[in-house]
Amino acid sequence: MIKVKKSVSLSLFKADKNAPVLFSGNIEENIPYIKEIGYDGVDLFVLDPKEEVSRKAITLLKANGLGVGVVMPAAMAKAGLFLGDMDKDIREEIIKRMKEIIVYASQVNAMVSLGLVRGSVKRNDTAEALLERFADSSEKLIPYAEKYDVKLVVEPINRYEINTLNASIEAYDFIQKCGLPLYLMLDTFHMNIEDVSIEDSLIKCQALIQHIHFVDSNRLAPGMGHMDMVKIYEVLKQIRYNGYLCLEALALPDGKTCAEKGIEFFNKIGLA
Ligand code: LER
Ligand code: MN
């Protein structure tokens, strides 16, 4: 029997209005609410694991019986820190901070995302060189991730946000080529922009898929856009995916409405 869990994105800090974050801050109210409407867990956007709010979030999530799929370090990219950066000092700084994120993720049995933190190619750089530095930085994190039993998941992200590893297959081939124990987190919003066929990508990448950001064409709850989310779910069942389906969605018209629409969809497909 495959066991798929439902989750939403939750940020521990005030997220940008255009960030795919359904719930932002106010964790005393938001965490019990997420549980109450029927979710099993969250993807957690963290700023600094040492902050009081980061510790408090773990306590509240555990008290409410919610799991964490992936800890999202996107704030580091916002701060200009990239694992593939040309500047060695920047790479060393982000590796140090990623180690703290890995320890934090281990406390909630979560994985850690390698998404925007890999960085974009600048004018005097090449994609090959950037990906080599990204692989090198990832390799430095692997012993740490293994020690704490935390998986690192590479997320292909669309071309309007980053210019490396946009399509699912590119990220899959990158992982195969570098030979590191890295995994994939696929996001249906990015797949809809970059992949030739979402269904074919899921089948081709199945051996490495550990996590799914499950949103519709407009980055809202499944059913709120024009993608065939039922068909995508059928393929996930076919490949025996048994991780989280996370609504890493925009808070439109507001976070609660969008999260509730997600539950309506999950009820419809018998995943209540
Ligand atoms: C993060 O999971 C993501 O999908 C990116 O678009 C960053 O916002
Ligand atoms: Mn995503």
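For the subset of the stretch 15-33 comprising residues that are within 16 Å of ligand 1 (Cβ to nearest atom) and of a type in the set (S, T, N, Q), which member is most open to solvent (accessible area, probe 1.4 Å)? Walk me through how you get there before you give the answer.
We begin by selecting, within the stretch 15-33, every residue within 16 Å of ligand 1 (Cβ to nearest atom); these are 15-24.
Filter once more, so that each one left must be of a type in the set (S, T, N, Q): 18, 24.
Values: ASN18: 121, SER24: 41 Å².
Checked the stretch 15-33; the qualifying residue most open to solvent (accessible area, probe 1.4 Å) is ASN18.
List the pairs whose first member sits in the stretch 56-78 and is part of a strand (DSSP E or B) and polar (S, T, N, Q), whose second member is more than 16 Å from ligand 1 (Cβ to nearest atom) and open to solvent by 40 Å² or more (accessible area, probe 1.4 Å), and whose Cβ atoms are under 7 Å apart, counting only residues at least 6 apart or on separate chains?
Within 7 Å, no pair qualifies.
Please verify whether LYS50 is in a helix (DSSP H, G or I), basic (Lys, Arg) and without any contact (Cβ under 8 Å) to a residue 60 or more places away in the chain, treating the condition exactly as stated.
No: the conditions fail for LYS50.
Could you check the stretch 128-153 and list, in sequence order, the residues that are in a loop (DSSP other than H, G, I, E, B) and not acidic (Asp, Glu)?
Those that are in a loop (DSSP other than H, G, I, E, B) and not acidic (Asp, Glu): TYR148, VAL150, LYS151.
Condition (residue is over 16 Å from the mean Cα position of the chain (by Cα) and acidic (Asp, Glu)) applied to the stretch 189-198: is it met by at least one residue?
Yes, the stretch 189-198 contains a residue that is over 16 Å from the mean Cα position of the chain (by Cα) and acidic (Asp, Glu).
With the condition kept exactly as written, say whether any residue in the stretch 34-45 is of a type in the set (Phe, Trp, Tyr), within 16 Å of ligand 1 (Cβ to nearest atom), farther than 19 Å from MET111 by Cα and open to solvent by less than 20 Å² (accessible area, probe 1.4 Å). Spell out how you get there, then give the answer.
Initially, the stretch 34-45 is screened for residues of a type in the set (Phe, Trp, Tyr), giving 39, 45.
With within 16 Å of ligand 1 (Cβ to nearest atom) added as a condition, the list becomes 45.
Still in the running and farther than 19 Å from MET111 by Cα: none.
No - not one qualifying residue is present in the stretch 34-45.
Scanning the stretch 82-124 for residues that are β-branched (Val, Ile, Thr), open to solvent by 10 Å² or more (accessible area, probe 1.4 Å) and not in a helix (DSSP H, G or I), which turns out farthest from SER54 (Cα to Cα)?
VAL121
The values are calculated or read from the model by the stated rules, or taken from the named source; none is laboratory data. In this text, all values refer to a predicted model and were calculated from it rather than measured experimentally. Here the Cβ is made from the backbone with ideal geometry for all residues, glycine too, and neighbour counts use every protein chain on show. Ligands, DNA and RNA are stripped out before the accessible areas are found, and what is left, the full protein with its side chains, is counted by its heavy atoms. Shrake-Rupley method; radii C 1.70, N 1.55, O 1.52, S 1.80 Å.
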